[in-house]
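The values are calculated or read from the model by the stated rules, or taken from the named source; none is laboratory data. Since the structure is predicted, the reported quantities are computational estimates derived from the model, not experimental observations. Note: ideal-geometry Cβ built from the backbone for every residue, glycine included; neighbour counts use all protein chains shown. We work out accessible area using only protein heavy atoms, side chains counted, and drop any ligands, DNA or RNA first. Shrake-Rupley method; radii C 1.70, N 1.55, O 1.52, S 1.80 Å.
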Amino acid sequence: MNFNFKPLNEKLFKNFSRLVFEQSGIYLTDEKKELLNARLGKRLRKCGFDSFESYYDYVVNDKSGEEIIQLLDSVSTNFTSFFREKGHFDYLSATVLPELIKNAAAQHKLSFWSAACSSGEEPYTLAIVLNDFFANKPGWKCSVLATDLSTKVLNIAQNGVYDRNRIASLSPEILRQNFRKGTGKSSGYVKVKDHLRDMITFQRFNLMHRFTWPEPFQVIFCRNVMIYFNKKTQEELVAKFYRCLQPGGYLFIGHSESLSAIKHSFSRVAPTAYQK
């Protein structure tokens, strides 16, 4: 089959952009046309489509909903690393956690949400910090919900296996406590230890959907996601985060993001850290 299909035309770009926005909240500006052309082109070649038009027709008529997931996987940007934007985790340990355990002393239970967990480095970092903080505080139960739109990166996160280059910046002590070195065919890789994995529940979730979590969270991380949303979508999402946090709970956003341009009910307590 000839895979030298014509590039995205303006009409199809608008159609795909509208579909992506409706399904995920991701706003593709005109400057993203070439990016979308390249990323969807890979999907077309893999699935054997001969044009963007035929692929679009297939996606919108796919009753199973499986192909829209693949489309969103292709569009999503998933850059992350362990202890990315380390200042957040330092602030969590020094300020947030001591405050939270005072307020939750009766329950001895804390709940966290990594709302765009990508390939898992953020929730595993969170689990490392929590495990270290509570090492000498027996009786506390901490749980981390880790969600993402992309099934591809969620599979990586659930497996918890990483190339050793991904953990090169971590201290020998953190590595010893939290990772197992691979041997044989797995040489050059590490695997997250069970005490971290057991703290985390991974789940595909679309942030545009209604939040139906049974209990409020104490801390939400949603970092470097809202930069892909327009102002209205940002306001709606931040309002939903506010409602599913307990009073006094915290929201962390990315260092390239700000809530200053939107209406919200949070109080800013540190750079890109907000409290209900």
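When the residues of the stretch 223-243 are filtered to those that are more than 15 Å from the chain's Cα centre (by Cα) and touching a residue at least 40 places away in the same chain (Cβ under 8 Å), the one that is surrounded by the fewest Cβ atoms within 10 Å (Cβ to Cβ) is 230. When we screen 67, 122, 53 for residues that are closer than 30 Å to residue 190 by Cα, surrounded by 12 or more Cβ atoms within 10 Å (Cβ to Cβ) and of a type in the set (Asp, Glu), the only hit is 122. Applying the criterion of being of a type in the set (A, V, I, L, M) and open to solvent by 60 Å² or more (accessible area, probe 1.4 Å) to the residues of the stretch 154-197, the residue that is modelled with the lowest pLDDT is 168. Does residue 151 satisfy the condition of being open to solvent by less than 20 Å² (accessible area, probe 1.4 Å) and under 21 Å from the mean Cα position of the chain (by Cα)? When the stated conditions are applied, residue 151 does not pass them. The residues of the stretch 32-89 that are without any contact (Cβ under 8 Å) to a residue 24 or more places away in the chain, closer than 17 Å to residue 150 by Cα and part of a loop (DSSP other than H, G, I, E, B), listed by number, are 64, 65. Taken together, the criteria place residue 210 among residues that are assigned to a loop (DSSP other than H, G, I, E, B), open to solvent by 80 Å² or more (accessible area, probe 1.4 Å) and either in contact with a strand residue (DSSP E or B) (Cβ under 9 Å, 6 or more places away or on another chain) or not acidic (Asp, Glu) (or both).
Give me the residue from the stretch 130-148 that is out of contact with any Cys (no Cβ under 8 Å at 6 or more places or on another chain) and closer than 20 Å to residue 224 by Cβ and, out of that set, surrounded by the most Cβ atoms within 10 Å (Cβ to Cβ). Filtering first and then ranking leaves 144. Here is a check on your reading of the model: is residue 84 basic (Lys, Arg), under 23 Å from residue 238 (Cα atoms) and open to solvent by 10 Å² or more (accessible area, probe 1.4 Å)? It is true that residue 84 is basic (Lys, Arg), under 23 Å from residue 238 (Cα atoms) and open to solvent by 10 Å² or more (accessible area, probe 1.4 Å).
Scanning the stretch 230-276 for residues that are part of a strand (DSSP E or B) and of a type in the set (Phe, Trp, Tyr), which turns out nearest to residue 20 (Cα to Cα)? Applying the filter and picking the extreme gives 252.
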